[in-house]
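The values are calculated or read from the model by the stated rules, or taken from the named source; none is laboratory data. What you see is a predicted model, and the numbers here were worked out from it, not measured in a lab. Here the Cβ positions follow ideal geometry from the backbone for every residue, glycine too, while neighbour counts run over all protein chains shown.
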Amino acid sequence: MANVGVIGLQWGDEGKGKVIDYLSDFADVIVRFQGGPNAGHTIVANGQKVILHLIPSGILRENKYCVIGNGVVLDPAVLEQEITELKKLGFIKDDKKFLISGLAHVIMPYHKKLDALKESKGTKKIGTTGRGIGPAYEDKSSRLGIRVIDLLDRKVFTEKVKQNLEIKNYVIKKYYKDEGFKPRQVIKDYSQYVKLLRKYTADSVSFLHKCLDRKKAILFEGAQGTYLDIDHGTYPYVTSSNTMSGNMSCGSGLPPTSIDRIVGITKAYTMRVGEGPFPTELAGPEGELMRKIGDEFGATTGRPRRCGWFDAVIVKRAVKLNGVTGLALMKLDVLDTFEKINVCVAYKIGKRLYSQPPMDIQDYYRCEPQYEQLDGWNRSIRGVKKYEDLPENAKKYLKRLEELTGARIDIISTGPERESTIILRNPFSS
Ligand code: GDP
Ligand code: IMO
Ligand code: MG
């Protein structure tokens, strides 16, 4: 059995949740390796819609192990809520099959406050999800962070909270002129999560290595997308972790050589939420129509998502950055009613044509997308399960995307439901 990674190739919300849920059926273990509750992964199964922020999307499948890896930043309040809701729906039947790395960092109340303050009073608004992600990763990098294992040790936790609040309160009060936090209150508030966390906290690295030795099939669940990556995304309009396949190893503790296949997830068009450049954005009625048909509203914040044509320049680069072995092409049905479909094949900046995304964020804003136009198919493909049942123009569109991105399409999605899926090649089979 192969080990498979799933990665978003655009600006997040590509449909990773649906693909991970689908592929989980063939996996033994599903592991999240980065990000935190900024993610919103939607699954529609058995007529039920579930949105997961922290817990791996494999949790809806029975008898699978789900792991929150060391690279994740975890908000215990979100975790508690998610576990409660999932249990109410009849999931997480066996608590032993859900593991949280003791090395994962904890999102603290001051992280959330600093995230909000930076966004409202800072100079550069990023349009974050407001979940405290940036400040939590800042603390991790500056070696001030509090890990799950620290939270479970009252003495260590107390010391760390006090040490952190000396600095955080100074910044919040002096710089942002806002109200600080009382260490005792923070310690008390977070102590209520200790019991819950103790139940699931484990040495996930040893566990995953055991799975590897026993040739279990492991599925790595990416969050966000390649252009939100802190190094390779549209910096500074990015998230605060490495979202790409390269981080599957660091964020889980499994070696890079253990990952056999990388499924790159992309929509049949493009969207992003929050600030930042978006060369193929359709600001007018066509973008509005895409948002309406695609129901493009954030799964975490409810914000309207910005929509535009498929951008082959960024997806082609993302295929290379992540070592994509096959694409999952999502939401093809959203293009059903478009007479003509544009695909961006290059950028023009000034008088020059570019086939790669620019390094300079200012150039990103100046990009004029160069489009190739294809004919639409003008009929509903919603729920189609067989490639042969797709209209010829839809097949032509898919073929052209394969040529332009340099990757073959292995999975096609024609609706949000589990069943609305065309599998050309299963990445788990050899
Ligand atoms: P993720 O963050 O990558 O998991 O994606 P989100 O869950 O945030 O957003 C994807 C949205 O598209 C969700 O509402 C899904 O239910 C929906 N979706 C996924 N695949 C399809 C599809 O093929 N067609 C349609 N119409 N909706 C889809
Ligand atoms: P999933 O896993 C789409 C975006 C935010 C903002 C930027 C930084 O569901 O695809 P952050 O809160 O991370 O500091 O925000 O990143 N963002 C996402 N956009 N999907 C996501 O996750 C996202 N997670 C963060 O909108 O622009
Ligand atoms: Mg999402």
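Asp75 meets all of the listed conditions (1) more than 16 Å from ligand 1 (Cβ to nearest atom); (2) among the charged types (D, E, K, R); (3) in contact (Cβ under 8 Å) with a residue 40 or more places away in the chain; (4) more than 21 Å from Leu144 (Cβ to Cβ) but one, namely (4).
Selection of the stretch 326-352 for residues being more than 23 Å from Leu289 (Cβ to Cβ) and surrounded by 12 or more Cβ atoms within 10 Å (Cβ to Cβ) yields Gly326, Leu327, Ala328, Ala346, Tyr347, Lys348, Ile349. Cβ-Cβ distances below 8 Å connect the following pairs, each with a first residue in the stretch 403-415 that is closer than 15 Å to Lys267 by Cβ, a second residue that is among the aromatic types (Phe, Trp, Tyr), and a separation of six or more residues or different chains: Ile411/Tyr22; Ile412/Tyr387. Selection of the stretch 141-163 for residues being within 29 Å of the chain's Cα centre (by Cα) and within 12 Å of Arg198 (Cα to Cα) yields Val148, Ile149, Asp150, Leu151, Leu152. Among residues belonging to the stretch 305-349 that are hydroxyl-bearing (Ser, Thr, Tyr) and more than 17 Å from Arg261 (Cα to Cα), point out the one that is farthest from ligand 3 (Cβ to nearest atom). Result: Tyr347.
Number of residues in the stretch 295-309 that are more than 8 Å from ligand 2 (Cβ to nearest atom) and aliphatic (A, V, I, L, M) equals 0. Contact map, the stretch 124-153: residues that are outside the structural domain of Arg272 (by TED's automatic domain parsing) and within 16 Å of Tyr237 (Cα to Cα) paired with residues that are among the hydroxyl-bearing types (Ser, Thr, Tyr) and modelled with pLDDT under 95, Cβ distance under 8 Å, separation 6+ or inter-chain. Pairs shown: Thr129/Thr300; Thr129/Thr301; Gly130/Thr301; Arg131/Thr300.
Within the stretch 25-47, track down each residue that is more than 8 Å from ligand 1 (Cβ to nearest atom), within 16 Å of the chain's Cα centre (by Cα) and under 30 Å from Asp213 (Cβ atoms). Once the filter is applied, which keeps residues that are more than 8 Å from ligand 1 (Cβ to nearest atom), within 16 Å of the chain's Cα centre (by Cα) and under 30 Å from Asp213 (Cβ atoms), the stretch 25-47 yields Ile30, Val31, Arg32, Phe33, Gln34, Gly35, Gly36. Being of a type in the set (Phe, Trp, Tyr) and touching a Phe, Trp or Tyr at 6+ places or on another chain (Cβ under 7 Å) is the filter here, so list the residues in the stretch 67-111 that pass it. If the condition is that a residue be of a type in the set (Phe, Trp, Tyr) and touching a Phe, Trp or Tyr at 6+ places or on another chain (Cβ under 7 Å), then Phe98, Tyr110 are the ones that fit. Being within 12 Å of ligand 1 (Cβ to nearest atom) and crowded, with 24+ Cβ neighbours inside 10 Å is the filter here; which residues of the stretch 1-18 pass it? Selection gives Val6, Ile7, Gly8, Leu9, Gln10, Trp11, Gly12, Asp13, Glu14, Lys16, Gly17, Lys18. What do you reckon, is Gly264 more than 11 Å from ligand 2 (Cβ to nearest atom), farther than 30 Å from Ser206 by Cα, within 17 Å of the chain's Cα centre (by Cα) and among the small types (Gly, Ala, Ser)? Against the criterion (more than 11 Å from ligand 2 (Cβ to nearest atom), farther than 30 Å from Ser206 by Cα, within 17 Å of the chain's Cα centre (by Cα) and among the small types (Gly, Ala, Ser)), Gly264 does not qualify.
The single condition among (1) over 16 Å from the mean Cα position of the chain (by Cα); (2) over 26 Å from Ile100 (Cα atoms) that Gly253 does not satisfy is (2). Within the stretch 391-400, can one find any residue that is within 16 Å of ligand 2 (Cβ to nearest atom), more than 19 Å from Thr337 (Cα to Cα) and surrounded by fewer than 17 Cβ atoms within 10 Å (Cβ to Cβ)? No, every residue in the stretch 391-400 fails to be within 16 Å of ligand 2 (Cβ to nearest atom), more than 19 Å from Thr337 (Cα to Cα) and surrounded by fewer than 17 Cβ atoms within 10 Å (Cβ to Cβ).
Annotation for the stretch 124-135: at least one member residue is over 20 Å from the mean Cα position of the chain (by Cα) and over 20 Å from Ile20 (Cβ atoms). For the stretch 113-128, a tally of residues being of a type outside the set (D, E, K, R), crowded, with 17+ Cβ neighbours inside 10 Å and touching a Lys or Arg at 6+ places or on another chain (Cβ under 9 Å) returns 3.
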